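**Q** A single structure is presented below for examination.
The values are calculated or read from the model by the stated rules, or taken from the named source; none is laboratory data. Note that the structure is a prediction, hence the values are computed from the model and not measured. Reconstructed Cβ throughout: ideal geometry from the backbone, glycine too, with neighbour counts over all protein chains shown. Accessible surface areas use protein heavy atoms only, side chains included; no ligands, DNA or RNA. Shrake-Rupley method; radii C 1.70, N 1.55, O 1.52, S 1.80 Å.
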Amino acid sequence: MKAVIPAAGRGTRLRPRTEDRPKPLVAVGDRPLLSHGLDALAELGVTEFVVVVGYRKEAIIDHYGDEFDGVPITYVHQREPKGLADAVLRAETEVDEDFLVFNADNVMTGNFDEVVERQRTDGVDATLLVDEVSRDEAADTGVFVTDDDGRLDAVVEKPSNPPSTRVLTGLFAFSPDIFHACHLVQPSERGEYELTDAIDLFLRADRRVETVAFDGRRVNVNTPEDRDRAERLVEE
């Protein structure tokens, strides 16, 4: 599978580290943040990286060039940070088969291979790697309600009373039909095109959306404190 990697954000909560560099090039350990995700995907056997760039894109392109660990890189441009669904849409012309989406601000190790295997099951349109978190954390993000077999029933964005504590980890697998759903998404209250809304449209169209329970360790790097936690994870 190809992997689409949204890496266009400004990383404002990581200032001053992002004043002179894009967030994906902020150091975590002795390597840029983005390199940790590319490593994990290369080990998974990804055949091509489609990196969505925006803020200070030249720095990312200059750093990585046209390949990483022997895997070719294609760059596509997101002119404004309009949300994850919009970022995924920038890759539409580069993808014509099932593909992965991996958020560039994650440092993760875990059962990525199970996501690929589930996506290759006949009739599966999307597979989401989800994690169990506290109710307080669940109230700040999108949560997912699943049936006993792990099939997705509903998506609830930032609920005041979470119906579940399962949240996205930042790794997804989709059929190319997700692009149609992304085209239909309307801006959220934040003014962004949310990928969770595209997934919800999949559900409304009776598309088959599966989940895989995350088994590993992860840090979503948004703040200096997150970066420090990611460094400890890398060291361990």
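**Q** So, ILE60, is that one touching a strand residue (DSSP E or B) at 6+ places or on another chain (Cβ under 9 Å), at pLDDT 95 or above and farther than 21 Å from ASP177 by Cβ or not?
**A** Working: touching a strand residue (DSSP E or B) at 6+ places or on another chain (Cβ under 9 Å): yes; at pLDDT 95 or above: no; farther than 21 Å from ASP177 by Cβ: yes.
No: the conditions fail for ILE60.
**Q** List, please: which pairs have Cβ atoms under 7 Å, are six or more places apart or on different chains, and start with a residue in the range 36-53 that is closer than 15 Å to ASP66 by Cα and hydrophobic (A, V, I, L, M, F, W, C) and end with one that is in a helix (DSSP H, G or I) and open to solvent by 10 Å² or more (accessible area, probe 1.4 Å)?
**A** From residues that are closer than 15 Å to ASP66 by Cα and hydrophobic (A, V, I, L, M, F, W, C), the pairs are VAL50/GLU94; VAL53/ILE61.
**Q** Can you report the number of residues in the range 170-193 which are under 25 Å from THR109 (Cα atoms) and buried (at least 23 other Cβ atoms within 10 Å of the Cβ)?
**A** Taking the range 170-193 as the starting set, the residues that turn out to be under 25 Å from THR109 (Cα atoms) are 170-175.
Those left that are additionally buried (at least 23 other Cβ atoms within 10 Å of the Cβ): 171-174.
Adding up the residues that qualify gives 4.
**Q** A further question on this structure: So which residues in the range 2-47 are at pLDDT 85 or above, crowded, with 19+ Cβ neighbours inside 10 Å and outside any helix (DSSP H, G or I)?
**A** Matches in the range 2-47: LYS2, ALA3, VAL4, ILE5, PRO6, ALA7, ALA8, PRO22, VAL26, VAL28, PRO32, VAL46.
**Q** Out of everything in the range 48-63 that is of a type outside the set (Val, Ile, Thr) and in contact with a His (Cβ under 9 Å, 6 or more places away or on another chain), what residue ends up being surrounded by the fewest Cβ atoms within 10 Å (Cβ to Cβ)? Outline the logic, then answer.
**A** Our first condition is that a residue be of a type outside the set (Val, Ile, Thr); within the range 48-63, this holds for 48-49, 54-59, 62-63.
If we keep only those that are in contact with a His (Cβ under 9 Å, 6 or more places away or on another chain) as well, we get 54, 57.
Numbers: GLY54: 21, LYS57: 18.
My answer is LYS57.
**Q** I'm trying to understand the selection: among the residues of the range 156-193, which are farther than 12 Å from LEU128 by Cα, in contact with a helix residue (DSSP H, G or I) (Cβ under 8 Å, 6 or more places away or on another chain) and aliphatic (A, V, I, L, M)?
**A** Correct list: ILE178, ALA181, LEU184, VAL185.
**Q** Given VAL212, VAL219, which one is within 27 Å of PRO176 (Cβ to Cβ), surrounded by 19 or more Cβ atoms within 10 Å (Cβ to Cβ), of a type outside the set (S, T, N, Q) and touching a strand residue (DSSP E or B) at 6+ places or on another chain (Cβ under 6 Å)? Spell out how you get there, then give the answer.
**A** Numbers: VAL219 fails: within 27 Å of PRO176 (Cβ to Cβ).
Only one candidate passes the filter, namely VAL212.
**Q** While we're looking at this one, here's another question. Can you list residue pairs whose Cβ atoms sit under 6 Å apart, with the first residue in the range 202-217 being within 9 Å of ASN111 (Cα to Cα) and the second being among the small types (Gly, Ala, Ser)? Count only pairs 6 or more apart in sequence or on different chains.
**A** PHE214/GLY110; ASP215/GLY110; GLY216/GLY110
**Q** Moving on to the next point. Can you work out which of the residues in the range 194-209 that are of a type in the set (Asp, Glu) and assigned to a helix (DSSP H, G or I) is surrounded by the most Cβ atoms within 10 Å (Cβ to Cβ)? Break it down into steps so the answer makes sense when it comes.
**A** The initial filter retains those residues of the range 194-209 that are of a type in the set (Asp, Glu), namely 194, 197, 200, 206.
Add one more test, that the residue is assigned to a helix (DSSP H, G or I), and what stays is 197, 200.
Working: ASP197: 23, ASP200: 20.
Going through the qualifying residues, I end up with ASP197.
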